[in-house]
C-alpha cells in the first residue's frame, strides 16, 4: 500500500501532522550539534518553497527568457503611472540595490520591453517605463501565471494565503531591522 504520509519530495509529517523535510532536519541537527533546529528548518523550507514557486513561474514564462528579477521589474512597470518609475523607487520596492535594478532595466531595454525616459520633474534623473512590447509580454504572461499560481497554491484557503503573506513580510521586516542594527553597530549589514 502506498505510504500516504510521504510526499513525492520525501517530506514527512510530524506528530502534529505538519510537514517537515527529514533531510533538512538531519542536516540542521548535525549543524547545530543537536540543538533546536526549528528556525533553521523553517528557513530551509522557505528556500524550498521559493525555488518551487520560481520553477513554476519560469514554466509559466514558457522560455521567454526573463530572469525572476527582470520579470519583477517588468510587472512593477506594467502597473506604474504613465510617466514611469525611478530606478531608486524600483530598487526600494523590490528590496534590491539600485545597481541591480539598473542591470535589470538594461536587460529589459535591450529586449525592447522597457525604456528609459527623462524625469520631467528632475533633469538629473531618468525613469523606467514599459513599452508596448513589454505590455504585450505581460498580457501573454498573465494567464499562464494565474494558472501556475492556482496550481502551486492548490488546497490553500484565502486565510492560509493571507497568513503566509503576513509571515513572509514579518521575516522581511525582521531582516530590515537586523540590517539597520548591524549597520549602526558594526558598519556592515547583510546584503539585500
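What are the radius of gyration and Dmax of the stretch 68-138, computed over its Cα atoms and given in Å?
Both quantities, over Cα of the stretch 68-138: 10.8, 31 Å.
Using a 7 Å offset from the Cα along the Cα-to-Cβ direction at both residue 29 and residue 81, what is the distance between the two label points in nm, to one decimal?
Here the answer is 5.7 nm between the modelled labels.
What FRET efficiency, computed as 1/(1 + (r/R0)^6) with R0 = 45 Å and r the Cβ-Cβ distance, is obtained for residue 17 and residue 102, rounded to the nearest 0.05?
On the way: r = 47 Å, r/R0 = 1.05.
It comes to 0.45.
Most exposed first by the Cβ proxy, i.e. fewest other Cβ within 10 Å, how do 129, 30 rank?
Values: 129 18, 30 10.
Fewest-to-most Cβ neighbours within 10 Å comes out as 30, 129.
Using only the Cα atoms of the chain, what semi-axes does the equivalent ellipsoid have when each is the square root of 5 times a gyration tensor eigenvalue? Give whole Å, largest first.
On the way: eigenvalues 267, 117, 37 Å².
Sorted largest first and rounded, they come to 37, 24, 14 Å.
Can you give the calculated 222 nm mean residue ellipticity of the chain, where each DSSP H run of n ≥ 4 adds -39,500 (n - 2.57) and the sum is split over every residue, rounded to the nearest 500 deg cm²/dmol?
Numbers: 7 runs with 115 residues, N = 192.
It comes out at -20000 deg cm²/dmol, rounded to the nearest 500.
Can you tell me the FRET efficiency between residue 46 and residue 146 if r is taken as the Cβ-Cβ distance and R0 is 35 Å, rounded to the nearest 0.05? Numbers along the way, then the final one.
Numbers: r = 23 Å, r/R0 = 0.66.
The pair residue 46/residue 146 has a calculated efficiency of 0.90.
Take the chain, connect every pair of alpha-carbon atoms lying under 10 Å apart with a spring to form a Gaussian network, then pick out the residue of 18, 38, 66 with the largest mean-square fluctuation.
Answer for the Gaussian network model of the chain: 18.
Could you give the angle, 0 to 90 degrees to the nearest 10, between helix 132-152's Cα long axis and the longest principal axis of the Cα atoms of the chain?
10 degrees
Nearest 10 degrees, 0 to 90: what angle lies between the long axis of helix 98-110 and the longest principal axis of the chain (Cα atoms)?
70 degrees
What is the helix-to-structure angle for 22-31, meaning the angle in degrees between its Cα long axis and the longest Cα principal axis of the chain, kept from 0 to 90 and rounded to the nearest 10?
Here the helix axis deviates by roughly 90 degrees.
Values quoted throughout were computed directly from the atomic coordinates according to the rules given, and no laboratory measurement underlies them. Everything numeric in this text was worked out from a predicted model, so none of it was measured. All Cβ positions, glycine included, derive from the backbone under ideal geometry; neighbour counts span all protein chains shown.
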